[in-house]
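The values are calculated or read from the model by the stated rules, or taken from the named source; none is laboratory data. Small disclaimer: the values here were computed from a predicted structure and weren't measured. Don't worry about glycine lacking a Cβ; one is built from the backbone with ideal geometry, like all the others, and counts go over all protein chains shown. The area values use the complete protein model at the heavy-atom level, side chains included, leaving out ligands, DNA and RNA. Shrake-Rupley method; radii C 1.70, N 1.55, O 1.52, S 1.80 Å.
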Amino acid sequence: MFAVLVLDYRLAFVFLCMLVVGTAVPLAIGWVRVLPEDEPPFASPEDSSQESKNELSAEKAKTKKHDPFAIVLLAIVTFSYVLQFPGLRGDAALHWLGTRMPETWLSWTLLAGRAFFVVTPGLAACYSVVQPNSLRAPLISSGILVLLLWLLQPMLFAAMTAS
């Protein structure tokens, strides 16, 4: 591997940390945009009656902006990020699946699952470029960064363990 020859293990560790943290930030921003906002903690009764009319119209506008398919894509991209998080091993789950289904089914299921979770973040980014919604920027950036995490993590791990 070319990354093993070129990258120092400390530099590979820094790149991996930047990629993991940089991917988590747009995902968190996306989930914050999906969740509803809380009321102000110290609102007076007069202000709340006047503002409630404004808030109702603002809430209706916000709920119309949320695209359900974009929320599903955000959930899939988040799960793809969790699957590729460094240090998170699924050996116990694979062993349990291996006892429950035949070997050929397991290998095909793992291949299809890996392909799905590698391709979907890129598709989520492409969908957000084409379809304007409230999750546009977080889905584009997190989709690209999760895809980079899937593609670059094996090389970065190889460069870290080579020394």
Review point. Got a number for carbon plus sulfur as a percent of region 94-163's accessible area, 1.4 Å probe?
Key: 76 percent
Review point. By how many nm would the segment from VAL118 to ALA158 lengthen if fully extended, with 0.36 nm per residue of separation less the alpha-carbon distance?
Key: 12.4 nm
Study note, to complete from the structure: With x for Gly and Pro, the residue-by-residue ³J(HN,Hα) of region 138-153, computed from phi through the Karplus equation 6.51 cos²θ - 1.76 cosθ + 1.60 at θ = phi - 60° and given in whole Hz, is x, 5, 5, 5, 6, x, 5, 5, 5, 4, 5, 5, 5, 7, 9, 4
Practice item. Could you run the Karplus curve 6.51 cos²θ - 1.76 cosθ + 1.60 with θ = phi - 60° over region 75-89 and give me ³J(HN,Hα) per residue in whole Hz, x for Gly and Pro? Key: 5, 5, 5, 5, 5, 5, 5, 5, 5, 9, 5, x, x, 9, 9
Practice item. Enter the accessible area of PHE85 (Å², nearest 10), with the probe set to 1.4 Å and all protein chains included. Key: 90 Å²
Point to revise | Heavy-atom accessible area order for TRP105, TRP31, TRP150, TRP96, largest first, 1.4 Å probe | key: TRP105, TRP96, TRP31, TRP150
**Study point:** Residues of region 122-163 with amide N under 11 Å of the 7 Å Cα→Cβ point at PHE13
**Key:** 160-161
